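Notes follow once the structure below has been shown.
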Amino acid sequence: MNETLLRELIPAVTGVLVRRGADFARAEDAVQEALLRALDTWPSDPPTDPKGWLITVAWRKFLDATRSESSRVAREARVAAEPPPGPTEDAADTLQLCFLCAHPSLTPASAVALTLRAVGGLTTRQIAEAYLVPEATMAQRISRAKRTVSDVGFDEVGDVAMVLQVLYLIFNEGYSGEVDLAQEAIRLTRQVSAMTDHEEVTGLLALMLLHHARRSARTTPAGALVPLAEQDRSQWDTELIAEGVAILQAALARDRLGEFQVQAAIAALHADAPTVGETDWVQIVEWYDELDRLADSPVVRLNRAVAVGEADGAQAGLAALEQVDRTVPRHSAVEAYLRERAGDLALAARLYGDAARAATNLAERDHLTRQAARLNGVLRG
Amino acid sequence: MAKYLVLKHYRGNPAPVVDIDPMDRWTPAEVDAHVQWMHDFATRLEETGEFVSHQALSPEGTFVRFGGEGKPPVTDGPFAETKDLIAGWMIIDVESYERAVEVAGAYSAAPGPGGEPIFEWLEVRPFYGSPCTIVE
């Protein structure tokens, strides 16, 4: 059984139920039940018409759940008169679901969970595993999210930017458990990209592909971080890079720049360099300037300082760093890097130590500790 | 979302703000009310989608270390005077540090004798998260 194909059908099936008059929360629950049944029975008894099977089972589950309600008869009468939806309606429904699941009234974590279930077709257990919480907690998080958006009309026009934020979070938050969230985010972004005509959607897709292309080079088999400069570039996935670059170029050609396109452009310049020494840092700095204009964020200016350090030397990088708020996460790590390049090893070692203590994840802490230890070793002679 | 450990100490926390008898001197009804309250608190956190787990620890602990190649582990203790003694913990998954503090503050209001809050000091510690994919 191809689980991805099954998952792709999920939002369209929910759309069918909603079009038949079911409310979103109940429709989505019914489809989740049908999904669980499919995962259970399809391996030994595959249906000839998977989508029809899912609609039939989900609709029956929905009717069972609302059996006591008097509107049932009226609803069934209406259904019988409806023609089955085609691919255009399916895509429109899936996009509406994306909008609903990324509604601004939801917290980011709720939007992520709801999107993964209602649009991604993941089970509650898979989502709970990915985010390391009990299944009951994740189930509640999803029900609350559905209650929060219960007054939002299914046909209400949503905000693509919110959908992109949710997809970005899914991609960026790492992964654990049986579902690869990075790949899942790419799959969903491809879907959204096919349903919309928006250069930032393609910008985000390009960004994801360009980063995903470097995934196997980014960590050692033991899980230690490998910085960009030290990555084995022969491990980068050239096919994904080529696809990412082509998608990015098409987006940039439309001349409506946005943050994701600029981030993708920076990622593309890294991906483009056969060796770290051949990186076009001058152009990367220019893109960071562009990003700073669009985003006005201290994190961007911090990253820009690194690029300036590479393009114009460590002193120029440190001068750029002086413009950045010291409380920005990773400030000490960046300063340590630039101080070492400027020749101040003692200060760099101390700053790496500070940065390690301030790290918010273990891989980064270990990496920074290793840097401090390396410099302290040099200092001891 | 970020995970936090809300740590309960038998000893090692700041000085108590109210003087409360050990639990074995409460009335049985007060003990029941306290236990039920803790249970309900966890249920409410599950409903808000923020509960991960909770565990209580017995106060008896033994220190253990490697005894050297081919030798049995060395044990020490238990020490009646250990400065810091962990009583148990709850793990929560919340949107922000501020929310973690809010949850811990509410958790510290568990009822004691006379149904009054015990104002117990709880320690809030962030977990390390997972590294972000996109950093540069």
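The values are calculated or read from the model by the stated rules, or taken from the named source; none is laboratory data. None of these values were measured; they are calculated from a predicted model. All Cβ positions, glycine included, derive from the backbone under ideal geometry; neighbour counts span all protein chains shown. Ligands, DNA and RNA are excluded from the accessible area calculation, which covers all protein heavy atoms including side chains. Shrake-Rupley method; radii C 1.70, N 1.55, O 1.52, S 1.80 Å.
Observations, loosely collected:
- Residue, surrounded by the most Cβ atoms within 10 Å (Cβ to Cβ), within the range A:1-30, restricted to residues that are free of Cβ contacts under 8 Å to residues at least 40 places away in the same chain and touching a Leu at 6+ places or on another chain (Cβ under 9 Å): A:ALA27
A quick yes/no check of all residues on (1) within 14 Å of chain B (Cβ to nearest Cβ); (2) buried (at least 16 other Cβ atoms within 10 Å of the Cβ); (3) among the small types (Gly, Ala, Ser):
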| site | (1), (2), (3) |
| --- | --- |
| A:GLY258 | no, yes, yes |
| A:GLU290 | no, yes, no |
| A:ARG293 | no, no, no |
| A:LEU302 | yes, yes, no |
| A:GLY313 | no, no, yes |
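- Whichever residue in the range A:46-68 is surrounded by fewer than 11 Cβ atoms within 10 Å (Cβ to Cβ) and in a loop (DSSP other than H, G, I, E, B) and, among such residues, is modelled with the lowest pLDDT: A:SER68
- Given (1) within 14 Å of another protein chain (Cβ to nearest Cβ); (2) open to solvent by 10 Å² or more (accessible area, probe 1.4 Å), index of the condition A:THR137 fails: (2)
- Residue identified as without any contact (Cβ under 8 Å) to a residue 40 or more places away in the chain and within 12 Å of chain B (Cβ to nearest Cβ) among A:ASP180, A:ASP237: A:ASP180
- Unique match (being crowded, with 17+ Cβ neighbours inside 10 Å and charged (D, E, K, R)) among B:LYS83, B:LYS3, B:LYS71: B:LYS3
- Within the range A:124-134, tally of residues that are modelled with pLDDT of 95 or more and open to solvent by 50 Å² or more (accessible area, probe 1.4 Å): 1
- Breaking point among (1) within 15 Å of A:VAL299 (Cβ to Cβ); (2) open to solvent by 30 Å² or more (accessible area, probe 1.4 Å); (3) not small (Gly, Ala, Ser), for A:VAL324: (2)
- Helices (runs of 4 or more DSSP H) contained entirely in the range A:83-136, each with at least 3 residues that are in contact (Cβ under 8 Å) with a residue 60 or more places away in the chain: A:87-101
- Qualifying residue in the range A:223-233 (condition: assigned to a loop (DSSP other than H, G, I, E, B), open to solvent by 60 Å² or more (accessible area, probe 1.4 Å), in contact with a helix residue (DSSP H, G or I) (Cβ under 9 Å, 6 or more places away or on another chain) and not β-branched (Val, Ile, Thr)): yes
- Looking across the range B:83-136, the residues that are of a type outside the set (A, V, I, L, M), touching a residue at least 60 places away in the same chain (Cβ under 8 Å) and within 14 Å of chain A (Cβ to nearest Cβ) come down to B:ASP93, B:GLU95, B:SER96, B:TYR97, B:ARG125, B:PRO126, B:PHE127, B:GLY129.
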